[in-house]
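Where a number appears in this text, it was derived from the coordinates with a stated rule and is not lab data. Here the structure is a predicted model, which means the values were calculated and not measured. Every residue, glycine among them, receives a Cβ derived from its backbone with ideal geometry; neighbour counts consider all protein chains shown.
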Amino acid sequence: YEGPRGGDKNVYYTFTDEPQMTEDATRTRRAQTDPETRRREFIIRHPSQNNELPDLSAIEAAVPRDAFFSYFLPSHYQAANELQRILMKPKSREDFMSLAAATRDDENINPHLWTHSFLNATLRRQDMRGFKIPAVWEIMPDQFIPMKILKQAERKSLHKKSKLKNKDPSAGQNAPADVQPEVMIGENPEHMLNYFREDIGVNSHHYHWHLIYVKDAPPTGPESRDRKGELFYYMHHNLIARYDAERLANGLPTTKSLDYGQQGFIQEAYFPKIGSVSNGTLYGSRQEKTPLTNVNRFDTPAAELLIELNDIFKWKQRLYEAIDVGYVIKLDGTTSPLDEEHGIDILGDIVGNGGQTSPFPAYYGYMHGLGHMLISYQQDPENRYDTSMGVMGTTTSAMRDPVFYRLHKFMDEIFSYYKDNKLPPYAANQLQWSSVSVDSVSIESGNEKPNTLVTHWTETDVEVSRGLSCNSKSTLVAIVPLKHLNHQAFQYKILLTNNERERVSVAVRIFMAPRFNGSGRRYKLEQQRIAFFEMDKFVETINPGRNVIIRESVKSTVTIPWSQGFSELEHWLAGTDYSVQEAVCGCGWPHHFLVPRGTTEGMQFDLFVMVTNADEDLIPSAISHFLTNVPKEKKPKCKESLSYCGILSERYPDIRPMGYPFDRSLAEKVKGTFTLEDFVALYPNMNSKQVTIRHNNGKLTKIHKPTQPDSGSRINRS
Ligand code: CUO
């Protein structure tokens, strides 16, 4: 959906199927068929030429064009919702696209607000199913790639183009900018985690997750998001667990909660190198040991940046009280029980989303969003220096800041307190399944020793031109090769015995966690269970007797491929043609980060595999999503991250509590003594294996974009 800003008012789009074109004399349309991709391109005239442009002044006043757009700031969120409502009104797809183009080209609209509203509208409009979007880091590269590098990429591309003028323009346009991101490892040990915190796949997942699980999604209907409070807990819990695995690999302690009630400062500094190319400023930065203070700023029109530490502390106390008494108070004076089925969902919603879905917004507050905002202004809480908010203020960039994990640990501890103190430990009959035993599990990876995983670096090209120039006639191509973690593909080999006389469907759940804690001691399971993160979950139907399942790592239903973010279509999984890519497809843990980095000498992890009855545990309509070979008629739109992102507009596919079986405390009598091996020995339907993750620091593979023939226009890349 790129197009000119000003000047030529025609806008170009690409759909993957035939657009529903209606006769309308007010518009000029042109269709071309690209035989290779079966795409159709057409031109839509701006409604502004017909005086159809809606009044956007209130939205523009709430979020000025040059402001940093914040998902967490209530006034910004409401303004984005208002634009989304406007974009939901047109009856046809063409009218929607025309209106979207016109609102985007309004000279006062904030570009990041527009992107948020536009993508949200495309997620919700049934007539936009099949609309392909580029990766979010191509749309907004300034939110993912340091400004300095973008400028270098831009300069280099322009320089090459002018040097090659009148010679071979296509070679100039497609030459990579050959710019490496900064590797910032100095005295500050926190820099060692930059490869995780600043990874574009990690941050893109987080952005898309919040785009889909919007705070005020209704409880029912096509726009509902099933168990969104519980998923807020579970997805972010996994982020912390994965981050902690990286911290241990780097010799750093695991994440400590940022407890507002006890600490007077934020230990970790953060100096972002990213900002906004449109307003030319970087996000605000923060020194080490910055005091935690109230925010008292009047630089948003809504005057809402009056955030008191005491409020957040007060909300925390009320939540702990609600957990202790077993219910939350509702606005009308009645109560809702925090029972086993709904308790975590209610708490997750209150903490994570506040607002409309909270039973009593004024009483329980909005700890998560205002916590993000409070932190994002700690460098200048009274706006004495006219600084911008920090990266914690937006979902595109919050995960870059070390304090993100500490804030989320603070909230995760509330959920853990609830689960550990109020929910009974799983009884034996909730854990065992006598129909199937897992006889052994192992990992095979190329020529490596058994049960060894290897990680290395990969350099992948990212095209940033679209985010640097708004001119669709521009022939600038700027490419940044980004270095990121990667791993050698591997297979799980699982030996099972089916004790029944008939075939059964098994749900296979795979988790992994570091084997030793930060002190180098073997984890007891009660301590280790919160360190487990999900690796895969799938369904297989097995015959009576002995079976072997070979599961390719690349099929993981936790991760999505890097290519899913790019505009070019990829036939990514063998035998599966994922031919359509929507905004929802950007949600998912990046596959290149499936395996934690490990250490050069080899770091020990525990692999845990559990099988349960798929027919009882999974939503029947969702079972096909977990199958290794997806039936053609049930083919999803793209590779899905089922555990972290669910299925759009459908029930969360797994009926069990998220994180099962590690989401709650072990029974009292075994808490302090049990190891993982002691646990799996009790239940034949589980097994574990010690795994080594070795990091090959010297290996760098490269994935460079193939040079494309010059199309003469940017539209073929959209
Ligand atoms: Cu995802 Cu704090 O939630 O950002």
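Observations on the model:
- Ranked by how many other beta carbons lie within 10 Å on average, peptides 100-107, 444-451 from highest: 100-107, 444-451
- Out-of-range pairs (alpha-carbon distance over 30 Å; input K419/K689; K409/K635; K555/K689; K156/K555; K215/K314; K132/K632): K409/K635; K156/K555
- Rounded to the nearest 20 debye, dipole of the stretch 362-498 from Cβ charges on Lys, Arg, Asp, Glu: 140 debye
- Charges were assigned to the Cβ only: +1 to each Lys and Arg, -1 to each Asp and Glu. The resulting dipole of the stretch 382-440 about its Cα centre is roughly 60 debye.
- Label separation (S434 vs K314): 5.6 nm, computed from points 7 Å beyond Cα along the C-beta direction.
- A straight Cα-to-Cα reach below 19 Å connects K699 with the lysines K449, K483, residues fewer than 8 places away in its own chain not being considered.
- Simple point charges give the picture: +1 on the Cβ of Lys and Arg, -1 on the Cβ of Asp and Glu, and for the stretch 189-422 a dipole about the Cα centre of about 400 debye.
- Normalised by 2.2 N^0.38 Å, with N the number of residues, the alpha-carbon radius of gyration of the stretch 234-371 equals 1.26.
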